[in-house]
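Here the structure comes first, spelled out in structure tokens, and everything after it is commentary.
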Amino acid sequence: MSYSAKPLDTSSELLVTRFRQGIKLIKPDIIQPLQKNWHRMAQLLNMPFHIYFMNTDSVVQAINKSCVINVGFESEKDAIGRTVLDIAKKETANYSLRHDQLVIKSKNMIIKDDYLERLKDDVVLSGISIKCPWYGIDNEIIGVFGFS
């Protein structure tokens, strides 16, 4: 299933920076000089653990290959515009979606034990998920950034 919300900008050249209790993606030309501890989206998405960006409806905007391989999407492109409801059993998908909404409502980073049961083969994945608010250019929450 694909969702029709306008996609958020997750271009590979954007810089990921801390903002309040979450993160922001910023164009490199806005920040001068470039601080050494900032990472570009491309670098972040190459990390060897699950990385994902979702809008406020938990629709995937960006995801890395490690996450795609484990959770059951066919590819990064296949995951864009979809939610966990498309690849996980309803009970575990809803657990993840409640976590997303709690992050948005509380405006805080939340760390939880997490689990997901894949639809395609009933495999259960478990781990720790860290999710935080994703802020837009106008300092409003536009989604959730997560890593597991």
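Relative to the longest principal Cα axis of the chain, at what angle does helix 90-106 sit, 0 to 90 degrees, rounded to 10?
30 degrees
Skip the ligands, DNA and RNA, and give the accessible area per residue of the range 12-148 with a 1.4 Å probe, whole Å². Write out the running numbers ahead of the final one.
On the way: 7450 Å² over 137 residues.
Heavy-atom accessible area per residue stands at 54 Å².
Applying 1/(1 + (r/R0)^6) with R0 = 41 Å to the Cβ-Cβ distance of Y115 and D29, what FRET efficiency is obtained, to the nearest 0.05?
E between Y115 and D29, to the nearest 0.05, is 0.50.
Quick one: net charge around A42, please, counting Lys, Arg +1 and Asp, Glu -1 for every other residue with C-beta under 15 Å from its C-beta.
Taking every Cβ under 15 Å from that of A42, the sum is 0.
When the accessible area of the range 57-148 is split by element with a 1.4 Å probe, what percent falls to carbon and sulfur?
With neighbouring chains kept in place, the figure for the range 57-148 is 54 percent.
Using a/c under 1.5 as the rounded threshold, could you call the range 41-112 rounded, prolate or oblate? The axes a ≥ b ≥ c are square roots of the C-alpha gyration tensor eigenvalues, and prolate needs a/b larger than b/c, oblate otherwise.
oblate
Give me the net charge of Y115's neighbourhood, meaning all other residues with Cβ under 12 Å from the Cβ of Y115; Lys, Arg count +1, Asp, Glu -1.
Cβ neighbours under 12 Å give a net charge of -1.
Going by average Cβ neighbours within 10 Å, how do the peptides 103-109, 50-56 rank, with the highest at the top?
Going from most to least packed, we get 50-56, 103-109.
Spin-label point model (7 Å from Cα, Cβ direction): what's the K6 to D57 distance in nm?
Placing both labels 7 Å beyond Cα along the Cβ direction yields 1.3 nm.
Obtain the nm distance between the two label points defined at R18 and N70 by a simple spin-label model: each point lies 7 Å from its Cα along the Cα-to-C-beta direction.
2.4 nm
If each of I128 and K90 carries a label point 7 Å out from its Cα toward its Cβ, how far apart are those two points in nm?
3.3 nm
Output ³J(HN,Hα) for the range 125-134: one whole-Hz value per residue in order, computed from phi by the Karplus curve 6.51 cos²θ - 1.76 cosθ + 1.60 with θ = phi - 60°, and x for Gly and Pro.
9, 9, x, 10, 10, 10, 10, 9, x, 10
Scan the range 50-113 for GluC sites (Glu not before Pro) in coil per DSSP, keeping those whose Cβ has at most 12 other Cβ atoms within 10 Å, and list them by number.
When the GluC sites (Glu not before Pro) of the range 50-113 are filtered for loop state and at most 12 Cβ neighbours within 10 Å, E74 remain.
The values are calculated or read from the model by the stated rules, or taken from the named source; none is laboratory data. Nothing here was measured: the structure is a model prediction, and the numbers come from that model. For neighbour counting, all protein chains shown are included, and Cβ atoms are generated from backbone atoms with ideal geometry for every residue, glycine included. Keep in mind that these areas ignore ligands, DNA and RNA; they rest on the heavy atoms of the full protein, side chains included. Shrake-Rupley method; radii C 1.70, N 1.55, O 1.52, S 1.80 Å.
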